[in-house]
Every structure is written in structure tokens, then in C-alpha cells.
Amino acid sequence: MLAYQTKKHATTGYTPFQLTYGRQAVLPIELILPIDEIHAEINLEDSILSRAFDLIDKLPEVQEKAKQNTETSQEKQKERHDRKLKPEEFEIGDKVLVQRKNIEASRSVKFEEKRTGPFTIYAKLGNGAYQLCNTKGQILQKYYNSDRLERYYERQNWEPQVVIEASLPKPYKHLLKTFIIIPLFNTYKSYSRL
């Protein structure tokens, strides 16, 4: 906890201890190591007045500066985040899947579907919000943002094809008539003697 309180934060530019108490913390190592001692006598009344002055006048200035530093840092972070963000645009009639946010943090639903759907874009609202309808044409009451939507691609019906290679040596040519290659999702499976 002491390490956190005494480390200068990049966002504020100050240590949390300084923002709370108006001064830097005295670390245990500073009590052990010899420090240049001030030989002037310290008057208790002057010390209390000086500390009160620091708390009343200087602490609000430091806190205000830290607030400005935080706002500047947050603006920079937002700009950096927005540069990387490229929301997908959908048109009315596009089919989409909706991510199920309620299962992301749960371990007990590890093997359940992460998305539901397909749904159709019914209406395009402002700021990346969409209204959806299900396959029966019923309009959903909720609105969904584009960050929860994913484009849905319908399955393609593949037709079996007979592939004949003329470059095989003669002893293997009789095998050509027995192979049918069926493409499934950009891969090919061979079935012998169908």
C-alpha cells in the first residue's frame, strides 16, 4: 500500500499521498539514511501555521492541476482508442448474430453458444444502434449496438464433383472412378468407393 501511495501516477502527475495530505510522504529509508539537518530552531507555532497555509492554499492548487492532468490524459487515451476502433456498418436486411454478453464471464457455460441468431437488421438508428427482427419477422424490443453484432454468413450448399486426373500412372487409373471429392468449408474430404 505504501508503494502505491508514494509512486507518482502518470495520469495525475502526482502521488496519491501528495494529493491527500498536501506533502510528500516520509519513507522509512529516509529515517535511516543521514539527511542534511537544518540547524535552525523550529518554532512549533510557526510550523503549524506553515502547514495550515500549505493545506489551505497549495493543496487545492495541486488537486486542480492533477484534475487537469487527468482530463488531458483521458482525452489522449480516448483518441488512441478511437483510432483503433472501426465499427462495422450494417444495412437494412443484413443478417447478423448477437453476442451474448451474459455468458462471457461465467465458466459454467464454457461450451454454450457465444452468439444467438441469425437476426435481420430491421432499422438503422443513430450512433451504430440497430433494431433487429427474428426469422419469423417479429421485431425485437431491444436495440443493439454494432459492437455486439457480427455478420452472419449462410451456409453454402456444395455440390459433389467427380475429379479425374489424367496424369496418374496407368496402374492407378482404375482408382480415379472411385473417388468423389466434396468441398466442405474450404477443405476437401475424399470418400472412396461411393
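Let a ≥ b ≥ c be the square roots of the eigenvalues of the Cα gyration tensor of the stretch 2-84; is it rounded (a/c under 1.5), or, if not, prolate (a/b larger than b/c) or oblate? Judged from the Cα gyration tensor, the stretch 2-84 comes out oblate (a/c at least 1.5, b/c at or above a/b). Of the residues L59, T72, N102, the one whose Cα sits farthest toward the positive end of the charge dipole of the stretch 53-102, with +1 on the Cβ of Lys and Arg and -1 on the Cβ of Asp and Glu, is N102.
Note on Y21 and S73: with the Förster distance fixed at 35 Å, the Cβ-Cβ geometry gives a FRET efficiency of about 0.95. In this Cβ point-charge picture (+1 for Lys and Arg, -1 for Asp and Glu), the stretch 2-84 has a dipole of about 840 debye about its Cα centre.
Students often get this wrong: which residues of the stretch 10-25 have the backbone nitrogen under 11 Å from the point 7 angstrom along Cα-to-C-beta of K58? Only 22-24 pass the distance filter.
Where a number appears in this text, it was derived from the coordinates with a stated rule and is not lab data. What you are looking at is a predicted structure, and each value in this text was computed from that prediction instead of being measured. Positions of Cβ are backbone-derived with ideal geometry, glycine not excepted, and every protein chain shown enters the neighbour counts.
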